[in-house]
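Worksheet: one structure, shown below.
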């Protein structure tokens, strides 16, 4: 067997894009641009029922940052920002989201793909909703959301200088609780529209102490973290070893090197499902990656508010013959 070098990097799948839309809602692209279709979960799809279009400008060029945007299927801009990777998977700098009526929805700063710094939100009617910021915990690679000002849809201030009651209902669900000195404090309650899940959480100075969620079957789950990532049961290093040991380098010209881009889902049972090749080197390099993933042992599934959930990953594999 020929030697193979695998360099593996896991990325959660926040995705980005850029493009321009003509008066006829046609995307205008150059030869160096790339575009993909996205489904309701913001994952790439080939389905005719896509909801969004993502374009990465100059993705085929070697640049420090790539301009990215997303558009609603109807042609209105949904998001714009920049990424440090030509796949658009690492948000960097200011990202602005829009409603279909073209009004701003939110503006958030990102550092190395994580929310960090300014956070502003607006209602669909254009009135201010929230002024806040994300304060990163570098050790945990997470961020605490600080709310400085909050208004209801009628423009009435509900949180002033970091103190008051937050209560909001949008397309994702409902949430209510007290804010002290900018941070969640005491009992917070909420629900998710799509899953019909409800939850009650206790906070102190913005940090979650404990929580309990109830699913649509009235089963309760206790937790101390809002979400956890899926994990290979024997550890991530063993997963790397598994890939290196089991990937069989296809018959390809000597000196061939590059990356194979794969996405997959870890389902609620911890099984890898829906593996797809986004880009490969030819010679069967993508098919071999799919074969290896399909034979992989089960993972510990991701959890949100104590409940097991499906989680998508992107997996770039660097190959050198």
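The values are calculated or read from the model by the stated rules, or taken from the named source; none is laboratory data. Note that the structure is a prediction, hence the values are computed from the model and not measured. Because the Cβ atoms are built from the backbone with ideal geometry, glycine has one as well, and the counts that use them run over all protein chains shown.
Numbers at a glance
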| quantity | calculated |
| --- | --- |
| Residues satisfying the stated conditions in the stretch 103-123, i.e. modelled with pLDDT of 95 or more and part of a loop (DSSP other than H, G, I, E, B) | 103, 123 |
| The stretch 254-272, subset over 22 Å from residue 89 (Cβ atoms) and modelled with pLDDT of 85 or more, residue surrounded by the most Cβ atoms within 10 Å (Cβ to Cβ) | 270 |
| Every residue from the stretch 126-167 that is over 21 Å from the mean Cα position of the chain (by Cα), in a strand (DSSP E or B) and without any contact (Cβ under 8 Å) to a residue 12 or more places away in the chain | 157, 158, 160 |
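Conditions tested, residue by residue: (1) without any contact (Cβ under 8 Å) to a residue 60 or more places away in the chain; (2) assigned to a helix (DSSP H, G or I); (3) within 24 Å of residue 142 (Cβ to Cβ).
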position	(1), (2), (3)
209	yes, no, yes
221	no, no, yes
237	yes, yes, yes
241	yes, yes, no
249	no, no, no
258	no, no, no
262	yes, no, no
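One line per residue, one yes/no per condition, for (1) under 26 Å from residue 88 (Cα atoms); (2) touching a strand residue (DSSP E or B) at 6+ places or on another chain (Cβ under 7 Å); (3) surrounded by fewer than 17 Cβ atoms within 10 Å (Cβ to Cβ):
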residue	(1), (2), (3)
128	no, yes, yes
135	yes, yes, yes
170	no, no, yes
173	no, yes, no
178	no, yes, yes
182	no, yes, no
211	no, yes, no
